[in-house]
Amino acid sequence: MCKNFTAAFVYAHPDDETFGCSYLIQDITDRGGQAVLLTATRGEAGKTGRLGEMSREELAARRDQELEQAANVLGISAVKQLDLGDGKLKDADPERLQQEIADFLNLHQADIVVTFPEDGISGHQDHIVIHHAVNSVIYGGKASSVQKLYYNHLGSPLSDMSGMSGLLRIDGEGKWDIKRRALEAHESQMFSVERVFGQLGPNMLPQYRYETFELVWERHPSAKSMPEKSVFDGLEAGEDLN
Ligand SMILES: [Zn+2]
């Protein structure tokens, strides 16, 4: 067993990765895995926070830099951004979006995929489009390296989900500092950061201690113990079958 496993995060906008899975990305790199990120847009329709007026092109360029910085903080090893129109993903050609996702997963030989749940976490239409596009790629057999698919459940009250067996909770203990720095990197989005996480400070607020992921599909369901401790649980067995 010498392969470094790769987890691919497929999202809509720069910052989705930091909001929802900063702890998970740290957990993956701590375990010797790789995290790679695909965003379908450059986030040019977002607000500009305290940075003042910007054109869409200026904001896109700014957010490219912010994402690069956040990815460095988090330890993401590769980032690809498509430019399919922030706020307009439902108008993008679904075949093209699926092909881009499949190409990205195949290029990186991703073992794990993490994306939005059906409600898009926040109900954002772009997030929901990504959810369905990733499902089409995985369930349509277009990414043969992928062994497991997870949905990211940021913000879902744990009490609603305690009966679900396929939940992986990542404890942010010792991981908040990096999440905070990655959130700060998304400076243009600071108003939405603060709306979700409050004023950023050195101490992790208890309600942000965990990130929660739902295992929804496995290529080779294994007899591992549940709940899982890591997204890589059970993968060795899958490797042997290849
Ligand atoms: Zn988003």
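The figures follow:
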| quantity | calculated |
| --- | --- |
| Computed FRET value (nearest 0.05) for Q99 with N4, which takes r as the C-beta separation and R₀ as 25 Å | 0.45 |
| In degrees, nearest ten, helix 94-107 long axis to first principal axis of the chain (Cα) | 60 |
| Angle between the chain longest axis and helix 176-185 axis [Cα atoms, degrees, rounded to 10] | 50 |
| J(HN,Hα) series, region 142-147, from Karplus relation 6.51 cos²θ - 1.76 cosθ + 1.60, nearest Hz, glycine and proline x | 9, 9, 6, 7, 6, 9 |
| Accessible-area composition of region 6-241, carbon plus sulfur, in percent [1.4 Å probe] | 47 |
| Rounded tilt (10° steps) of 16-30 against the dominant C-alpha axis of the chain | 50 |
| Region 1-64: GluC sites (Glu not before Pro) in DSSP coil with no more than 16 other Cβ atoms inside 10 Å | E53 |
| Cβ charges +1 (Lys, Arg) and -1 (Asp, Glu), total dipole of region 6-241, debye | 280 |
| Counted charge near L37, where neighbours are those whose Cβ lies closer than 14 Å (Asp, Glu -1; Lys, Arg +1) | -4 |
| Share, in percent, of DSSP beta bridges within the chain that are antiparallel, nearest 5 | 35 |
| Computed FRET value (nearest 0.05) for A45 with E184, which takes r as the C-beta separation and R₀ as 22 Å | 0.50 |
| Whole-number accessible area per residue in Å² for the chain, which is evaluated in the context of all protein chains at 1.4 Å | 46 |
| E68-H220 pseudo-label distance in nm [points 7 Å out on the Cα-to-Cβ vector] | 4.0 |
| Phi-based couplings in Hz for region 227-233 (Karplus 6.51, -1.76, 1.60; Gly and Pro marked x) | x, 5, 9, 8, 5, 8, 3 |
| For the chain: rounded, prolate or oblate by the Cα gyration tensor [a/c cutoff 1.5] | oblate |
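The values are calculated or read from the model by the stated rules, or taken from the named source; none is laboratory data. Please read all numbers here as calculations on a predicted model, not as lab measurements. Here Cβ is always computed from backbone atoms with ideal geometry, including for glycine, and neighbour counts include all displayed protein chains. We work out accessible area using only protein heavy atoms, side chains counted, and drop any ligands, DNA or RNA first. Shrake-Rupley method; radii C 1.70, N 1.55, O 1.52, S 1.80 Å.
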